[in-house]
Amino acid sequence: MIVIMVPINPVEDLIEDLLSEDDSLRNSAESRIKDFPVEDVIPEISLLLRSPQKNIRNRGMELFCCVGSDAVKYLAVLITDEEWTVRYRAAEALGVIGDDAASVLLIPALKDRKDHVRYMAAKGLGNLFHAKAADAVAPLLEDENEFVRASAARALGQMCLAAYVPLIEAALKREEYEKTRIVMEEALARLNGQYGGI
């Protein structure tokens, strides 16, 4: 009997290691990810964003971040995907990667039909201190979803633009949800120079 050894696809092998529960195996795979052509790795990582398992989708997002700026052009497609869970993770990855191209892609996502995506787009722009996006973020202070309103307030606070204090104050007066109110108060404190921890 002759045994034919089928060579293991190196990208599939890498993805398997990247999903491993073994920390050292995962860390080693993360350091090797840049050794592979982006066009070979991205299709496999993109599939992870479609997993029914939340933890796998999250890992896919983390792997896009490991690829870094080279992943942005692929995320530009994914952030317009039909599935909101894919758009959500794409927005999250763009917010972490954080270059100018990523920031530009997050601005249209502020108007996404799904509140989770709007939330993540505002969060990403705030984490990037992308002050040019403040005018696009500000309308979310009136979003129908309290988590989106909180994310918008936090983002405006992180952008350190005192001109938005009146808008956040007005939103705070209307706000019914205590946790959202707290975030708005923290954003105002930061903008007024009284808070260092947002």
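The values are calculated or read from the model by the stated rules, or taken from the named source; none is laboratory data. Note that the structure is a prediction, hence the values are computed from the model and not measured. Cβ: placed from backbone, ideal geometry, glycine included. Neighbour counts: every protein chain shown.
One residue is enough: does region 104-121 have a residue meeting the conditions in contact with an Asp or Glu (Cβ under 9 Å, 6 or more places away or on another chain), of a type in the set (A, V, I, L, M, F, W, C), outside the structural domain of residue 159 (by TED's automatic domain parsing) and surrounded by 23 or more Cβ atoms within 10 Å (Cβ to Cβ)?
Looking for residues that are in contact with an Asp or Glu (Cβ under 9 Å, 6 or more places away or on another chain), of a type in the set (A, V, I, L, M, F, W, C), outside the structural domain of residue 159 (by TED's automatic domain parsing) and surrounded by 23 or more Cβ atoms within 10 Å (Cβ to Cβ), one finds at least one in region 104-121, hence yes.
Filter region 159-198 down to the residues that are modelled with pLDDT under 95 and among the polar types (S, T, N, Q) and list them by number.
The answer is 192, 194.
For a quick check of your reading: which helices (runs of 4 or more DSSP H) sit entirely within region 4-63 and have at least 3 residues that are within 20 Å of residue 94 (Cβ to Cβ) and modelled with pLDDT of 90 or more?
Those helices (runs of 4 or more DSSP H) span 38-48.
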